[in-house]
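The values are calculated or read from the model by the stated rules, or taken from the named source; none is laboratory data. Quantities reported herein were computed from a predicted structural model and do not represent experimental measurements. Glycine gets a Cβ as well: all are built from the backbone with ideal geometry, and neighbour counts include every protein chain shown.
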Amino acid sequence: MPQYEYLILGGGMTADAAVHGIREVDKTSEIGVIAAEPHAPYARPPLSKALWKGAKPESVQLGTADLG
């Protein structure tokens, strides 16, 4: 079973902010994010209609998974 120094429950934009805050003070410890959603945190456009205006789905990714 994996062990994490930090464990965040929920995978929304608040989880992303928490991961960024932790990385500001701790660059190496393991961070676990547990969420029901299978995707990494992303910017949720209002009613998701912004994606229908030609933006690619990748344009809303926040990059949380890249922080380890």
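Assorted remarks:
- Condition check for Pro2: modelled with pLDDT of 85 or more and closer than 19 Å to Gly68 by Cβ: yes
- Residues of the stretch 4-29 satisfying the condition of being among the hydrophobic types (A, V, I, L, M, F, W, C), without any contact (Cβ under 8 Å) to a residue 24 or more places away in the chain and under 18 Å from Pro41 (Cα atoms): Ala17, Ala18, Ile22
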